[in-house]
Amino acid sequence: MAKNRNAYQCDNCAATLSKWAGQCPECREWNTVNEIVTQARPSGRFRGYAGKLGNEVQDLASVGDATVARLAVGVGELDRVLGGGIVPGSVILLGGDPGIGKSTLLMQLTAALGQRVPGLYITGEESLEQLGMRARRLGLKLDGIRCLTETSIEQILGHAEKEKPKLMVVDSIQTVYTEELSSAPGSVAQIRESAAALVRWAKQNHCCVILVGHVTKEGALAGPRVLEHMVDSVLYFESDGDSRYRVIRAIKNRFGAVNELGMFAMTGTGLKEVKNPSAIFLSGHDKPVPGSVITVVREGTRPILLEVQALVDPSHLNNPRRVALGLEHNRLAMMLAVMHRHGGIALSDHDVFINVVGGMRVSETGADLPMLMALYSSFRDRPLPDKLVCFGEVGLSGEIRPVPDGEQRLREAVGHGYTTALVPVANAPRKPLDGLRIVGLSHVSAALEKVF
Ligand code: TYD
Ligand code: MG
């Protein structure tokens, strides 16, 4: 029997070392050497590979469709992000800041699913009493929720073999460790080996495993990058500062689209789904104010109304400030350049702040035109007309370009009582929409003239 032995490897250059070092002697990187498990090669004469085949080569057409067995969670917003539910045998990594509500969400999920399939909630962070207290506070049905406090991966999988769950939550991957390694739980090597064992187990037993992952100060998932490659889906649970709204988004999803958002509000009795997110991201001025523009962005399959705010103020600094919250810094710089070249407005001696209300992050280009309008409106200190929405991409030559699903966005605006829409010409619908005046725009210079 081949004997396991401990070795060390550099995460940067993959050099193998016999003992740990702070600096890799090969590539000279610091803190990249980590413990790995290696297996000694069996001795004996080489007899070829064909004698020890495991899996068979198959025709792809003869392979069954695994997605038909998708299991709807029963929490609509989570199902939306997952692409319709969890897939048996898949591994999901859920990351998020401390206190954001990861454990709460997963407890609610285990309880919602627990009535239909056997679930197992494993925690290395809390005691069972704490779990019980939380579940009671959430008003969950307690029978059927199987839980365990354990951090050794060997013990966890031992229990899992006995319990045969179809959903297993491990809270968190940073607290579990394998007895085969001597390094501390939470170290890169421990996370990698424990996650690998859990992934293997999930695939073999057709059990969906959800791992909770801590995030670092910079907002990335703590631990090795390879963790994100190992799992099938990576979800982030995030919120803006002290807002009670939470957004869950998929960064990676092997079984669905990645641009869907799920929205929750944290209440005294746990997380509640937010089914109509448009209403919460508007600041609710009675009458229009300078620098504020309502836009419709599309996140996944759902249009959402958002408010973009700008403040343009004379600066006394040599380097005037450029601050973008919720929008991309580079796109702000681009809009300022477009405004200068095609609108004749130089803001080089002004501080410029731009913000999306409610802590939403917008990454799509449809927010270009609203950003530009908000900047102009603040600069001139003149509000836009009441009940106006706008969206559209702005090109470097000042042209206004269409964005996908214009009509769907316009319908959302109509549904919330908006009466005027500034849209790219190509996004103007052929048939008029009830109660909505549509202004088609093709160039920035014309747009600024038309509106102000
Ligand atoms: P938790 O799920 O423990 O966060 P995580 O596992 O991501 O660290 O959530 C903790 C926070 O949520 C805590 O600050 C209190 C708040 N909370 C509520 O507001 N209402 C509730 O019903 C629960 C259970 C938690
Ligand atoms: Mg927790």
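The values are calculated or read from the model by the stated rules, or taken from the named source; none is laboratory data. Fair warning: this is a prediction, and the values are worked out from it, not measured in the lab. For neighbour counting, all protein chains shown are included, and Cβ atoms are generated from backbone atoms with ideal geometry for every residue, glycine included. Keep in mind that these areas ignore ligands, DNA and RNA; they rest on the heavy atoms of the full protein, side chains included. Shrake-Rupley method; radii C 1.70, N 1.55, O 1.52, S 1.80 Å.
The amide H of CYS390, built 1.01 Å from its N in the peptide plane, has ILE294, THR295, VAL296, LEU422 as neighbours under 5 Å, considering only residues 5 or more places off or on other chains. So for the stretch 280-451: antiparallel DSSP bridges make up what percent, rounded to the nearest 5? Counting DSSP beta bridges with both partners in the stretch 280-451, the antiparallel share is about 60 percent.
Among LYS52/LYS162; LYS162/LYS203; LYS52/LYS166, which pairs are too far apart, with a Cα-Cα distance over 21 Å?
In this structure, LYS52/LYS162; LYS52/LYS166 lie more than 21 Å apart at Cα.
Computed about the Cα centre, the dipole magnitude for the stretch 280-451 is approximately 260 debye when only Lys and Arg (+1) and Asp and Glu (-1) carry charge, each at its Cβ. Taken along the Cα-to-beta-carbon direction at a fixed 7 Å, the label points for ALA69 and ARG116 span 1.5 nm. Candidate cross-link partners of LYS164 among the aspartates and glutamates, defined by an alpha-carbon separation under 18 Å and a same-chain spacing of 8 or more, comprise ASP143, GLU150, GLU154. Taking amide H atoms as placed 1.01 Å from N in the peptide plane, the amide H of ARG146 lies under 5 Å from those of GLY119, TYR121, each 5 or more residues away in sequence or on another chain. Straight-line cross-link reach from LYS272 at under 13 Å between alpha-carbon atoms covers these aspartates and glutamates, not counting any fewer than eight positions away in the same chain: GLU77.
Taking the DSSP bridge list for the chain and keeping only pairs wholly inside it, about 55 percent are antiparallel. With contacts taken as Cα pairs under 8 Å and at least 6 residues apart, the chain reaches a relative contact order of 11 percent.
Annotation: amide H-H contacts under 5 Å for ILE36 (H modelled 1.01 Å from N, sequence separation of 5 or more, or interchain): ALA7, TYR8, GLN9.
Ordering VAL423, TYR49, PRO314 by the projection of their Cα atoms onto the charge dipole of the chain, which places +1 on the Cβ of Lys and Arg and -1 on the Cβ of Asp and Glu, puts TYR49 at the extreme positive end.
In this Cβ point-charge picture (+1 for Lys and Arg, -1 for Asp and Glu), the chain has a dipole of about 780 debye about its Cα centre. Semi-axes of the equivalent ellipsoid of the chain are 49, 27, 22 Å, computed as sqrt(5λ) over the eigenvalues of the C-alpha gyration tensor in descending order. Just the protein heavy atoms count here, and of the accessible area of the stretch 280-451 at 1.4 Å, carbon and sulfur take up 49 percent. Over the residues of the chain, the helix contribution to mean residue ellipticity at 222 nm works out to -7500 deg cm²/dmol, using -39500 (n - 2.57) for each DSSP H run of at least 4.
Think of it this way: in the chain, CYS147, CYS207, CYS208, CYS390 stand alone, with no other Cys Cβ under 4.7 Å. Applying the criteria of a DSSP loop state and at most 12 other Cβ atoms within 10 Å to the trypsin sites (Lys or Arg not before Pro) of the stretch 293-394 yields ARG321.
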